[in-house]
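Below is one structure, written out as structure tokens, with a few remarks after it.
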Amino acid sequence: MTAPTRATTRTRTSADLIRAEEPVLAHNYHPLPVVVARAEGTWVEDVEGRRYLDMLAGYSALNFGHRHPALIEAAHRQLDQLTLTSRAFHNDRLAGFAERLAELTGLDMVLPMNTGAEAVESGVKVARKWAYDVKGVPADRATIVVAADNFHGRTTTIVSFSTDETARAGFGPFTPGFRIVPYNDLAALEEAVDETTAAVLIEPIQGEAGVIIPDEGYLAGVRELTRRKGCLFVADEIQSGLGRTGRTLAVEHEDVVPDVLLLGKALGGGIVPVSAVVARREVLGVLRPGEHGSTFGGNPLAAAVGTAVVELLETGEFQRRAAELGVVLRDGLAELVGKGVTGFRARGLWAGVDVDPALGTGREISERLMREGVLVKDTHGSTIRLAPPLTITAEELRSALGALEKVLGETG
Ligand SMILES: Cc1ncc(COP(=O)(O)O)c(C=O)c1O
């Protein structure tokens, strides 16, 4: 039997490829029925050459659009030099990456990892170690307080403190040591934090929950409370960070600097998985040689792309675009309220849009938008999430909103 040639794989249609996945790929996501073959900037193209405006941007992993020239160039340059050493050796790109990222975030030290979930896991470990070594919590008694409806990833420890039964059912037993309080509720936090608490771990805006923005003062309140009670504030900015909300970090909207910052997604420029725990020296300094590791974390290709990402953010252009175009997004959505949209929450170029359930589920609306050449994704129920690349133009944004208006009008 001969191996399939490039020509035969090329002739498979989108429908063929979706069918081919079924027997060989485990289910995790529930993808829209589109098979992307090429992309540039804000646009993707499927196998048949149909073009779609990408209004999801890889769940914010593509904040700079597809194949941003500066990022592709940095990757190409690094591919020609050195791609991987493991952390058994030093590599010549890592120090610069860590210096630039620490400076961008106003913190001291960086622990490079790969996926978002790994950054969260590492953040949990570091917070616990800090609790034992610095705060003096008795061994194995550390607690971490998290918020209901959180989304921090899919590992067994992370789903241990999820409140989403779909994410948890069948995966126990779970990791102990977490307390769950309602999001946006400082009084509940006050009650849950005690002398065993290593950290409060929250998303400054809850993405998967439907772009839930806490009340003004909540993040500053968490900062004040954690400082007063002597535990760490760990902000998961894996989805909200790196320009998405109109600032480098979402916590900046309340002038808050957390003790520990978790970054991922856009840090890899849509090219390689790059995540990081970024923290004050007092916190990340608790890790000693041999206590943590990752074969790929901080590899030279990741560091080169990550450095190029930080360089793009240092210009401020993307944060500015997100803030300015965020007004176009907000105004456009406000006009759709009462015309199929029942409510929305938006900050920068990020919105959770609640659609009248009578018009369809978020999934159905997403499929109809796909047929109009606009890619979005539902979160829960009848909520869809808009998170286009920050390189989107006002015209493209208006055309996506026009497509949403059309889809809602047709179904109404
Ligand atoms: C806030 C937040 N944390 C963590 C993660 C997990 O990231 P990853 O899928 O790269 O493991 C996500 C992914 O959506 C996220 O939104």
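Is it the case that the range 381-389 has a residue that's hydroxyl-bearing (Ser, Thr, Tyr) and touching a Pro at 6+ places or on another chain (Cβ under 7 Å)?
The answer is yes; a qualifying residue exists.
Does Gly58 satisfy the condition of being without any contact (Cβ under 8 Å) to a residue 40 or more places away in the chain and at positive phi? Outline the logic, then answer.
On the way: without any contact (Cβ under 8 Å) to a residue 40 or more places away in the chain: no; at positive phi: yes.
Considered against the rule, which asks whether it is without any contact (Cβ under 8 Å) to a residue 40 or more places away in the chain and at positive phi, Gly58 comes out as no.
At pLDDT 95 or above, surrounded by fewer than 19 Cβ atoms within 10 Å (Cβ to Cβ) and within 20 Å of Asp54 (Cα to Cα): is that true of Lys339 in this structure?
No, not satisfied.
Report yes if some residue within the range 46-67 is in a helix (DSSP H, G or I), within 16 Å of the ligand (Cβ to nearest atom) and of a type in the set (Ser, Thr, Tyr); otherwise report no. If you could, list the steps in order and put the result at the bottom.
To start, the set of residues in the range 46-67 that are in a helix (DSSP H, G or I) comprises 57-60.
Filter once more, so that each one left must be within 16 Å of the ligand (Cβ to nearest atom): 57-60.
Imposing the further condition that a residue be of a type in the set (Ser, Thr, Tyr) reduces the set to 59-60.
Looking for residues that are in a helix (DSSP H, G or I), within 16 Å of the ligand (Cβ to nearest atom) and of a type in the set (Ser, Thr, Tyr), one finds at least one in the range 46-67, hence yes.
Residues to consider are Val376, Val337; find the one that is in contact (Cβ under 8 Å) with a residue 40 or more places away in the chain, under 13 Å from Leu404 (Cβ atoms) and not aromatic (Phe, Trp, Tyr).
Values: Val337 fails: in contact (Cβ under 8 Å) with a residue 40 or more places away in the chain.
Sole residue among the options that is in contact (Cβ under 8 Å) with a residue 40 or more places away in the chain, under 13 Å from Leu404 (Cβ atoms) and not aromatic (Phe, Trp, Tyr): Val376.
Please determine, by comparing only the residues of the range 194-218 that are surrounded by 23 or more Cβ atoms within 10 Å (Cβ to Cβ) and more than 16 Å from the ligand (Cβ to nearest atom), which one is farthest from Ala250 (Cα to Cα).
Here the residue is Thr197.
If you go through the range 261-284, how many residues are over 19 Å from Pro389 (Cα atoms) and part of a helix (DSSP H, G or I)?
4
Given the conditions (1) within 11 Å of the ligand (Cβ to nearest atom); (2) surrounded by fewer than 22 Cβ atoms within 10 Å (Cβ to Cβ); (3) outside any loop (DSSP other than H, G, I, E, B), and given that Val134 satisfies all but one, which numbered condition is not satisfied?
In the conditions (1) within 11 Å of the ligand (Cβ to nearest atom); (2) surrounded by fewer than 22 Cβ atoms within 10 Å (Cβ to Cβ); (3) outside any loop (DSSP other than H, G, I, E, B), Val134 misses (1) alone.
When you look at Thr307, is it within 27 Å of Val124 (Cβ to Cβ), assigned by TED's automatic domain parsing to the domain that holds Ser86 and in contact (Cβ under 8 Å) with a residue 60 or more places away in the chain, yes or no?
Yes: the conditions hold for Thr307.
Select from the range 234-266 the residues that are out of contact with any strand residue (DSSP E or B) (no Cβ under 6 Å at 6 or more places or on another chain) and over 23 Å from Gly210 (Cβ atoms) and list them in ascending order.
Once the filter is applied, which keeps residues that are out of contact with any strand residue (DSSP E or B) (no Cβ under 6 Å at 6 or more places or on another chain) and over 23 Å from Gly210 (Cβ atoms), the range 234-266 yields Thr248, Asp255, Val257.
(1) buried (at least 19 other Cβ atoms within 10 Å of the Cβ); (2) under 24 Å from Pro31 (Cα atoms); (3) touching a strand residue (DSSP E or B) at 6+ places or on another chain (Cβ under 8 Å): which one isn't true of Leu359, the others all being true?
Failing condition for Leu359: (3).
Check Ala98 against each of (1) in contact with a strand residue (DSSP E or B) (Cβ under 9 Å, 6 or more places away or on another chain); (2) surrounded by fewer than 16 Cβ atoms within 10 Å (Cβ to Cβ) and name the one condition it does not meet.
Of (1) in contact with a strand residue (DSSP E or B) (Cβ under 9 Å, 6 or more places away or on another chain); (2) surrounded by fewer than 16 Cβ atoms within 10 Å (Cβ to Cβ), only one is false for Ala98: (2).
Of the residues Val110, Val124, Val120, only one is away from the ligand (no atom under 16 Å from the Cβ) and in contact (Cβ under 8 Å) with a residue 60 or more places away in the chain; which?
Criteria check complete, one pass: Val110.
Which residues, counting only those in the range 1-14, are over 29 Å from the mean Cα position of the chain (by Cα), at pLDDT 95 or above and in a helix (DSSP H, G or I)?
none
Test Asp149 against the stated conditions and say whether it is of a type in the set (Asp, Glu), in a loop (DSSP other than H, G, I, E, B) and on the phi < 0 side of the Ramachandran plot.
Against the criterion (of a type in the set (Asp, Glu), in a loop (DSSP other than H, G, I, E, B) and on the phi < 0 side of the Ramachandran plot), Asp149 does not qualify.
Thr157: among the polar types (S, T, N, Q), outside any helix (DSSP H, G or I) and in contact (Cβ under 8 Å) with a residue 12 or more places away in the chain, yes or no?
Judged against the criteria, Thr157 is not a match.
The values are calculated or read from the model by the stated rules, or taken from the named source; none is laboratory data. As the structure is a prediction and not an experimental result, all values here were calculated from the model. Heads up, the Cβs are rebuilt from the backbone with ideal geometry, glycines too, and the neighbour counts pull from every protein chain shown.
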